[in-house]
């Protein structure tokens, strides 16, 4: 083992020397805080997961102070850190490929849209765009409403009983909604099975970051010899067995029955992603493996991100009573006047919930679910003051972009009203990366916004939420997750609105 490690270290030194020689030419931006000669911030990134977010936040603040672009090394790679909005958009639209460390997540979801690059990503994005249109998303309204009601029922036991963590309940309901919308059925009614699925995804995301921060495990050889590889194999087996069972069961039923609504265990009132995508497999536009990878990606991405964001919104709204009351009963944007106390949210309501959307956007600005957007710089890219060198990597940092001076002097404040002020709102195409940025922006943006609007209506009209975002502590496990201070309290609202 020692001889293998020494050999890998020697190869890494040779590669680093070659990269240093090849990278000469364009002037580098200032080094980010904490950088050391040759190794850059490698010594800082090799920490436990909870410290990775602290490092990215610190680098974001430092990059803002130094003009919006800094650089350093992590392992053998040159990294550019970007917080300037214009430069970020240039990188996002020019550099469409994800860095090689994205393959660390392949053990779970394969090469779906999130991970794939190049021609495969472009082909799949074009094929899947029709599955994420407004008409398809609006077809899921019944599921969103029913799941929001179910979440309210599960949280009812905590109302009036002080602080508690709602994480599991939110994740569980979000996962069920994702299964309903993706497959047309939850397929499994076992609470323990859902719990196992949630734990599997959580551990898998944690394992991806573990491999990233342990630089020596970037080597496929050393990774295969590690205990982390064995752990990931077990996690992948659990995830794959579960999703395979659902896909096979639903696909077989669809093939035998022309009337789709008769074969699902829980009707969604609309075609599922699986039904929409089956023709892509039948006509060989997607192979069986590609079909499976994209479905796995949809399930994992849709439930994880919406659950994390809903929890963040509840904590932030609970920390700002004036925002919550305006959300509930504002003279201009009355949630209660739009949807009332009892009825379901329908597609016509969505465009009227202007302040609700402002709250969601402000949460994504203030506390983004995906705070780092990595890109591979495959060609020299001219920025405003520098040229990002071909062969390097780039981290677009949401913390800095969302607190850039274009947001005004109150950029550090949670203020949804800014989204209602078009004259002072900055150019969202460059200054807001809540749903990623540029050509690889999130394909599921409409799905997420619709789900969140429906959930917020059901929650806020039934409960008054209390929380304290100042107590939050985070870890970065692919998405930004709270590890402490995420308790909320609920009080039932009186049904006395006239």
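Things worth noting here:
- Residue tally, condition buried (at least 18 other Cβ atoms within 10 Å of the Cβ) and either free of Cβ contacts under 8 Å to residues at least 60 places away in the same chain or part of a helix (DSSP H, G or I) (or both), over the stretch 102-114: 6
- Test: residue in the stretch 446-465 that is surrounded by fewer than 16 Cβ atoms within 10 Å (Cβ to Cβ) and in contact (Cβ under 8 Å) with a residue 60 or more places away in the chain: no
- Residues located in the stretch 26-65, provided they are farther than 26 Å from residue 483 by Cβ and either surrounded by fewer than 16 Cβ atoms within 10 Å (Cβ to Cβ) or at pLDDT below 90 (or both): 26, 27, 36, 37, 38, 65
- Test result for residue 397, without any contact (Cβ under 8 Å) to a residue 24 or more places away in the chain and either in contact with a helix residue (DSSP H, G or I) (Cβ under 8 Å, 6 or more places away or on another chain) or buried (at least 21 other Cβ atoms within 10 Å of the Cβ) (or both): no
Quick grid of which residues meet (1) at pLDDT 85 or above; (2) assigned to a helix (DSSP H, G or I); (3) more than 24 Å from the chain's Cα centre (by Cα):
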| position | (1), (2), (3) |
| --- | --- |
| 175 | yes, yes, no |
| 188 | no, no, yes |
| 195 | no, yes, no |
| 201 | no, yes, no |
| 206 | no, yes, no |
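- Any hit, the stretch 419-437, residues being touching a helix residue (DSSP H, G or I) at 6+ places or on another chain (Cβ under 6 Å), more than 30 Å from residue 58 (Cβ to Cβ) and buried (at least 19 other Cβ atoms within 10 Å of the Cβ): no
- Among the conditions (1) within 30 Å of residue 163 (Cα to Cα); (2) in contact with a helix residue (DSSP H, G or I) (Cβ under 8 Å, 6 or more places away or on another chain), the only one that residue 376 does not satisfy is (1).
- Helices (runs of 4 or more DSSP H) within the stretch 273-387 that include 1 or more residues closer than 30 Å to residue 85 by Cα and touching a residue at least 60 places away in the same chain (Cβ under 8 Å): 288-319, 321-328, 347-350, 354-366
- Members of the stretch 344-366 found to be modelled with pLDDT of 95 or more and over 19 Å from residue 329 (Cβ atoms), listed by number: 361, 363, 364, 365, 366
- All conditions but one from (1) modelled with pLDDT of 95 or more; (2) in a loop (DSSP other than H, G, I, E, B); (3) out of contact with any helix residue (DSSP H, G or I) (no Cβ under 6 Å at 6 or more places or on another chain) apply to residue 442; the one that does not is (1).
- When 243, 268 are checked against the criterion of being within 22 Å of residue 195 (Cβ to Cβ), in contact with a helix residue (DSSP H, G or I) (Cβ under 8 Å, 6 or more places away or on another chain) and either at pLDDT 60 or above or not in a helix (DSSP H, G or I) (or both), a single residue qualifies: 243.
- For the residues 97, 84, 77, the requirement of being in contact (Cβ under 8 Å) with a residue 40 or more places away in the chain, in contact with a strand residue (DSSP E or B) (Cβ under 7 Å, 6 or more places away or on another chain) and surrounded by fewer than 19 Cβ atoms within 10 Å (Cβ to Cβ) singles out 97.
- Subset of the stretch 395-428 that is over 22 Å from residue 376 (Cβ atoms) and within 19 Å of the chain's Cα centre (by Cα) - its residue that is modelled with the lowest pLDDT: 428
The values are calculated or read from the model by the stated rules, or taken from the named source; none is laboratory data. What you see is a predicted model, and the numbers here were worked out from it, not measured in a lab. Glycine gets a Cβ as well: all are built from the backbone with ideal geometry, and neighbour counts include every protein chain shown.
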